[in-house]
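Trainee: Have a look at this one before I ask anything.
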């Protein structure tokens, strides 16, 4: 229990300092540097947990923090649940009045008309037509690959902390 206060102070202190420096140095949200800051921001809870374990509690890191990379049945289940929920949401959505499934992404292109000039809209339409699979399935596949790889590496800091 004596570790919660120092952990929270370190985590919030470091993160607030990072955000303040980013803003003071002219950083803008919604830019690539902000994305890099966000990934770094996510690692701060893990760094704080390690500092508290080592410097304050003078304990080990792996066992007290519950770090284990042994394959577990829940890894597979947690990997499959999001795409199943997404497909279920699509199925339920198509049951709503006035909603129909667009497998050719025509609804997506239609919404882009409000934001893109005609030449860019035509380019977007050609890009969607060249996709090897339906954009919905492509997004699901990308998420299933990114989830246990690059996203997991970035999110590990928050989960460990």
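Trainee: Quick check: anything in the range 92-105 surrounded by 10 or more Cβ atoms within 10 Å (Cβ to Cβ), in contact with a helix residue (DSSP H, G or I) (Cβ under 6 Å, 6 or more places away or on another chain) and under 30 Å from residue 152 (Cβ atoms)?
Mentor: yes
A quick yes/no check of all residues on (1) under 23 Å from residue 160 (Cβ atoms); (2) not assigned by TED's automatic domain parsing to the domain that holds residue 144:
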{"site": "41", "(1), (2)": "yes, yes"}
{"site": "47", "(1), (2)": "yes, yes"}
{"site": "52", "(1), (2)": "yes, yes"}
{"site": "77", "(1), (2)": "yes, no"}
{"site": "107", "(1), (2)": "no, no"}
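Trainee: Given (1) part of a helix (DSSP H, G or I); (2) at positive phi, identify the lone condition not met by residue 58.
Mentor: Result: residue 58 passes all but (1).
Trainee: Additional query: Those residues that are in a helix (DSSP H, G or I), loosely packed, with under 10 Cβ neighbours inside 10 Å and at pLDDT 95 or above, I need them from the range 1-28; list them, please.
Mentor: Of everything in the range 1-28, just one residue is in a helix (DSSP H, G or I), loosely packed, with under 10 Cβ neighbours inside 10 Å and at pLDDT 95 or above, namely 24.
Trainee: Continuing with the same structure: Could you give me the residue pairs with C-beta distances under 7 Å whose first residue belongs to the range 130-155 and is at pLDDT 85 or above, whose second residue is not in a helix (DSSP H, G or I) wherever it lies, and which are 6+ apart or on separate chains?
Mentor: 138/131
Trainee: Test residue 63 against the criterion of being farther than 21 Å from residue 136 by Cβ and exposed (fewer than 11 other Cβ atoms within 10 Å of the Cβ), and give yes or no.
Mentor: In short, yes.
Trainee: Here's something else I'd like to know. For the condition closer than 23 Å to residue 145 by Cα and either exposed (fewer than 14 other Cβ atoms within 10 Å of the Cβ) or touching a strand residue (DSSP E or B) at 6+ places or on another chain (Cβ under 6 Å) (or both), what is the one hit in 43, 78?
Mentor: 78
Trainee: For the range 128-157, which positions are surrounded by 12 or more Cβ atoms within 10 Å (Cβ to Cβ) and outside any helix (DSSP H, G or I)?
Mentor: Within the range 128-157, just 134 meets the criteria.
The values are calculated or read from the model by the stated rules, or taken from the named source; none is laboratory data. What you see is a predicted model; the values in this text were computed from it and never measured. Because the Cβ atoms are built from the backbone with ideal geometry, glycine has one as well, and the counts that use them run over all protein chains shown.
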